[in-house]
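Encoded as structure tokens, the structure appears first; notes follow it.
No value in this document is a laboratory result; all are computed from the given coordinates. If you're wondering where the values come from, they're calculated on a predicted model, not measured in any experiment. Positions of Cβ are generated from backbone atoms using ideal geometry, with glycine treated the same way; all protein chains shown enter the neighbour counts.
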Amino acid sequence: MKQQNIFSFLFLLFLAEISIAQGTDYIRKNYTKQEVYITMRDGIRLFTAIYSPRDSSVEYPILMVKTPYGIPPYGEENYPESIGPSVYLAEEKYIFVYQDARGMFLSEGYMSQMTPHLTEKPDSTYVDNSSDTFDTVEWLLKNTHNNGKVGLWGISYRGFYASSGIINAHPAIVCSSPQAPIADWFIGDDMHHHGAFALLPGFGFFEVVNQFHDAPFTNWPSPFNFPVRDAYNFFLHLGPLSEINSRYFENKVPVWDTMMAHPDYDKYWQERNILPHLKNIKPAVLVTGGLFDHENLYGSVHSYQAIKEYNDNDIRLVLGPWIHGGWARTTGENLGLVEFGQSTSDYYQREIELPFFNYYLKRKGSIDEQPSVSVFVTGINTWKNYDAWPPETVKEINFYLDEDFSLTVSIPSISGFVSDEYISDPAHPVPYTQVFHPVRLAYNKEYMSEDQHFASARPDVLTYQSQTLTDTMIFTGPVTADLFVSSTSTDYDIIVKLIDVYPDTVKANYYNTIQVEMAGFQQLVRAEILRVKYRNSYSDPEPVIPQMIEEISVPLNDISHAFLPGHRIMIQIQSSWFPLFDRNPQQFMNIYDATEEDFQKAEIRIYRSEEYPSHITLGRLIN
């Protein structure tokens, strides 16, 4: 197999979030396959594959997923290696329905990225995913041997369809499980984090998934043939982002140009924020997310919170120690060198996901014993159950940046303009990972728990740490860094990392099961970036006034982690995180048009005094 084809296979596996396989022979033996076109109210036909249990003496519920990633293998005689969210649900016997999204693969129509929801539809020409799902369910009820109940599910982009499909849902849709659902592509999911462009993940995603298609297709186009292996150096010399489509993609990726035309949180991005539309939801909902999911942890948490706020339905949340889609395609026993002591994915599939669908679609078992919120606590490696997220039994604690690069729970007693500083040089950005990572393999997902010693050693990274802890401290829910900062530039980025420092002593005997020494390990727990020109508004960026001290708030994604006795809490602050995110030229401008001449060094000062108490706020679980 050629190297390029290997990349295509790996990338398809990543995008499709393929679950652990049951095997083609099992699927063929127990299910029949039917391929149909289902006509929507505007006349567009969506290609749909239906897998029905061969035993037709029973009426089965329908479990449906819609995807822009394809539903291979195509052809009624060809069967996949897995169907459904898990082997447990495949063995339970459901009617599994897969549908190509509009404009993708064999479905007709135009693919509108993150299709905006239409609150009003004056006539049949106004369509969105809610109406397409409604029309699909109506057809399925009339043309399959079903029991009248329908459930939705999907991971990532498919999770977005599982969310948007339950707005004004067909009465037959009784439940849905949006898993790592995309919610907002500018503030916290996938392509942008707080205005900063996720360069490395976005490059591969748009280049393969969002090419223009003028006819139906069943195979992905060939991916870009990178001229070098090294991701860091390739992206360092990429050139202006606005020229990527013409220079690398042969102008075949129109959505890239669209993205470049909307550098701020304007109407284009606002229309694609699903959160304000998650109303009038009647089906029960199980939102699933990964605590180590770079792409859509934001979408998981905020989708759950929006549905809970706007509706009176049964809404549940599960957060496990997973990367993106890890509950379906990994065992969830570890992430890199950090181990969790159990197969968290099997637990989720068997004890949470299976009972949820069985109860609502088959009225099998009881849902009353299932907790509303189940969250895995890393560090002590156990599941905890709550009534809501974040839990009410949380006390906020501030950790202040103090003298000698320490973290203290008291406001610094020193007065004045005391600060620590570093030079941020876009020509030598801080790497996001310590490993050499070939660009063709997308990004190193294990960076989410990676040892941060490589960053601690850099002069453009500030590192603060607490005294050795004497008690276990479980931190749960939102994390926010409030920093007093000045810069010599008119724009810059701030990255804040929360790190668990393991005991640096032989007495700890810190080895994992593969006998890797873990003493002194600086485990990344959470990190986030803010493009500072969006500090007050994502829609109306403002330049920084050079040398003026400003309080900057950096929101990090939620955590669930226990810092153990003997450990320390560490904070790192830096202004580049490359090539996970694009470089900031460190002057106020449209970054997508920046040339090499626009990038400049900047001195960043972080203030820490009684008047300027820079700190990070964590929520400690108190019971």
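LEU621: net charge of surrounding residues, Cβ under 14 Å, Lys/Arg +1, Asp/Glu -1, itself excluded?
-2
Given a Förster distance of 51 Å, report the FRET efficiency between GLU551 and SER343 from their Cβ-Cβ distance, rounded to the nearest 0.05.
My answer for the efficiency is 0.70.
Classify the stretch 396-501: rounded, prolate or oblate, from the alpha-carbon gyration tensor (a ≥ b ≥ c, eigenvalue square roots; a/c under 1.5 rounded; otherwise prolate if a/b is larger than b/c)?
The shape class here is oblate.
Order by neighbour count: LYS533, LYS66, LYS308, fewest other Cβ atoms within 10 Å first, most last.
Taking fewest neighbouring Cβ atoms as first place, the list is LYS308, LYS533, LYS66.
Any idea what the relative contact order of the stretch 394-621 is, in percent, if you count C-alpha pairs under 8 Å spaced at least 6 apart?
The normalised contact order for the stretch 394-621 reaches 39 percent.
Run through the stretch 380-412 and list the GluC sites (Glu not before Pro) located in a DSSP loop whose Cβ has at most 11 other Cβ atoms within 10 Å.
Answer by residue number: GLU392.
For the stretch 290-376, which GluC sites (Glu not before Pro) are in a loop by DSSP, counting at most 12 other Cβ atoms within 10 Å?
Loop-located and lightly packed - GLU369.
As a test, work out the antiparallel percent of DSSP beta bridges whose residues both lie in the chain, rounded to the nearest 5.
75 percent
What FRET efficiency comes out for the pair GLU120/THR470, r = Cβ-Cβ distance, R0 = 45 Å, nearest 0.05?
The formula returns an efficiency of 0.15 here.
What does the helix-only formula give at 222 nm for the chain: each DSSP H stretch with n ≥ 4 adding -39500 (n - 2.57), the total divided by the residues, and the result rounded to the nearest 500 deg cm²/dmol?
Numbers: 15 runs with 120 residues, N = 623.
My calculation for the chain gives -5000 deg cm²/dmol from helical runs alone.
Dipole of the chain (Lys/Arg Cβ +1, Asp/Glu Cβ -1, origin at the Cα centre): which of GLN34, VAL58, VAL461 lies farthest to the positive side?
Working it through, the farthest residue towards the positive pole turns out to be VAL58.
Would you please state the base-10 log of I(q)/I(0) at q = 0.10, 0.15, 0.21 1/Å for the stretch 307-449, with intensities from the Debye formula using one equal scatterer on every alpha carbon?
-0.61, -1.02, -1.28
Express in nm, to one decimal, how much length is gained between HIS428 and LYS279 on full extension, taking 0.36 nm for each residue of separation and deducting their alpha carbon distance. Write out the running numbers ahead of the final one.
On the way: separation 149, 0.36 × 149 = 53.64 nm, distance 4.61 nm.
Taking 0.36 nm per residue and subtracting the Cα distance, the gain is 49.0 nm.
Classify the stretch 106-182 as rounded, prolate or oblate, taking a ≥ b ≥ c as the square roots of the eigenvalues of its Cα gyration tensor: rounded when a/c is under 1.5, otherwise prolate if a/b is larger than b/c and oblate if not.
oblate
Roughly what would the spin-label model give for HIS453 and ASP540, points 7 Å off Cα along C-beta, in nm?
Spacing of the two 7 Å Cα→Cβ label points: 4.9 nm.
Identify the GluC sites (Glu not before Pro) of the stretch 514-592 meeting these criteria: DSSP loop state and at most 15 other C-beta atoms within 10 Å of the C-beta.
When the GluC sites (Glu not before Pro) of the stretch 514-592 are filtered for loop state and at most 15 Cβ neighbours within 10 Å, nothing remains.
For the stretch 328-401 and the stretch 70-109, what is the separation of their Cα centres, given in Å?
Going from one Cα centre to the other spans 27 Å.
What relative contact order, as a whole-number percentage, does the stretch 75-140 give when Cα pairs under 8 Å and 6 or more residues apart are counted? Kindly include the intermediate steps, with their values, before the conclusion.
Details: 28 pairs, mean separation 8.9, N = 66.
RCO, the stretch 75-140: 13 percent.
In whole Å, what is the distance between the alpha-carbon centres of the stretch 211-281 and the stretch 462-478?
Between the Cα centres of the stretch 211-281 and the stretch 462-478 lies a distance of 38 Å.
Under 30 Å between C-alpha atoms is the cut-off here; go through the stretch 394-621 and count lysine pairs that meet it, provided they're at least eight residues apart or on different chains.
Values: LYS395/LYS497; LYS445/LYS497; LYS445/LYS533; LYS445/LYS601; LYS497/LYS507; LYS497/LYS533; LYS497/LYS601; LYS533/LYS601.
Value for the stretch 394-621: 8.
For the chain, what D do you get in µm² per second when you plug the Kirkwood radius from alpha-carbon pairs into Stokes-Einstein at 25 °C and 0.890 mPa s?
My calculation gives 97 µm²/s for D.
Mind checking which lysines have their C-alpha under 16 Å from LYS33, skipping anything on the same chain fewer than 8 residues away?
Here the lysines satisfying the reach criterion relative to LYS33 are LYS93.
Taking LYS252 as the anchor, which aspartates and glutamates have their alpha carbon closer than 18 Å to its alpha carbon, excluding any fewer than eight residues away along the same chain?
Those aspartates and glutamates meeting the cut-off are GLU207, ASP214, GLU243.
Using θ = phi - 60° and the Karplus relation 6.51 cos²θ - 1.76 cosθ + 1.60, list the HN-Hα couplings for the stretch 89-97 in order, rounded to whole Hz, with x at every Gly or Pro.
These are the phi-based 3J(HN,Hα) values: 6, 5, 6, 6, 6, 10, 8, 8, 10 Hz.
Once both axes come from the Cα atoms, what is the angle between helix 297-310 and the longest principal axis of the chain, in degrees from 0 to 90, rounded to 10?
70 degrees
Pull up the DSSP beta bridges for the stretch 394-621 and report the antiparallel fraction as a percent, rounded to 5.
Around 95 percent antiparallel, to the nearest 5.
Any idea what the alpha-carbon Rg over 2.2 N^0.38 Å comes to for the stretch 394-621?
1.03
Could you tell me the calculated FRET efficiency between ARG620 and ASN147, based on Cβ-Cβ distance and R0 = 56 angstrom, to the nearest 0.05?
Result of the calculation: an efficiency of 0.75.
Going by C-beta contacts inside 10 Å, put LEU580, LEU297 in order with the fewest on the left.
On the way: LEU580 27, LEU297 24.
Placing the least packed residue first, the sequence is LEU297, LEU580.
Enumerate the lysines that LYS308 could reach by cross-link, defined here as Cα to Cα under 21 Å, with residues fewer than 8 away along the same chain left out.
Candidates past the 8-residue exclusion: LYS279, LYS282, LYS384.
Going by how many other Cβ atoms sit within 10 Å of their own, how do MET111, MET40 line up, fewest first?
Listing MET111, MET40 from fewest to most nearby Cβ atoms yields MET111, MET40.
Starting from the 7 Å offset along Cα-to-Cβ, what nm value, one decimal, do you get for the label separation of ARG350 and ASP264?
Those two pseudo-labels are separated by 5.4 nm.
Return a whole-number percent for the relative contact order of the chain, with Cα pairs under 8 Å and 6 or more residues apart as the contact set.
14 percent
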